[in-house]
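Some notes on the structure that comes next.
The values are calculated or read from the model by the stated rules, or taken from the named source; none is laboratory data. Remember, predicted model here, so these are calculated numbers, not experimental data. We place every Cβ from the backbone using ideal geometry, glycine too, and count neighbours over all the protein chains shown.
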Amino acid sequence: MNKNTTNNDNDDLVYEDESKKASKKVADDVVVDDEVEAPEILIKKLKEKIKTLEKEKQEYMDGWQRERADFINYKKRVENEKVEIVKYANENLLEEITQVLDSFEMAFSNKEAWEKVDKNWRVGVEYIHTQLLKILDENNFTAMNPLNEKFDPKFHIATEHVFTDDEKKDGMITEVKKKGYILNGRVMKAAQVVVAEYKKVI
């Protein structure tokens, strides 16, 4: 056999062997990025994702509804506060008017002196007093004259106590020193009264 031929065959064998090694190395280096999942696993994951999204949606909905309810309550509270402000806006003015009403009552209570005043002038003053009370009443401002009523600390102030031997009169108002006044159902000025206190006679 020709020496040169033998060398060429050997070279071909070496080349073929190296080529196989290189091909194997390339095959080993290949990485498969996408794995194909079974349909059952994919469906399970999708169902779990849907549950998560539905839970998040419900949480957002609940939060939105709470915020909406809070806003509605806030609006109602503001409206109620506005109504209250309007109802009692003139409270300070009306409180000063009560002093004028007290002066009227003081003048009327002294019957002897009042009867001595000229009749025409007296009738005119009484008419003005009646007219003033009417205007105040139209604005939900009313006077309290709790004579012979049961004493109630929410509406009355006891300036004095008098003893009585009649048990039925215990705690009853026997005299009104100063009338009280109510504005829109709220006590603006408590009535000053004298209260009977039962004491058994031995």
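Below, the figures for the structure above:
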| item | result |
| --- | --- |
| So GLU35, is it at pLDDT below 55, more than 30 Å from GLN131 (Cα to Cα) and outside any helix (DSSP H, G or I) | yes |
| Pairs, first assigned to a strand (DSSP E or B) in the range 132-153, second basic (Lys, Arg), C-beta under 8 Å, six or more apart | ALA143/LYS179; MET144/LYS179 |
| Check on VAL193, in a strand (DSSP E or B) and either modelled with pLDDT under 90 or farther than 27 Å from ASN92 by Cα (or both) | no |
| Yes/no for GLY180 being within 19 Å of SER103 (Cβ to Cβ) and modelled with pLDDT of 85 or more | yes |
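So that you can scan it fast, the table gives a plain yes or no per residue for (1) more than 23 Å from LYS177 (Cβ to Cβ); (2) in contact (Cβ under 8 Å) with a residue 40 or more places away in the chain; (3) surrounded by fewer than 10 Cβ atoms within 10 Å (Cβ to Cβ):
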{"position": "ARG77", "(1), (2), (3)": "yes, no, no"}
{"position": "ILE85", "(1), (2), (3)": "yes, no, yes"}
{"position": "LEU93", "(1), (2), (3)": "yes, no, yes"}
{"position": "ALA107", "(1), (2), (3)": "no, no, no"}
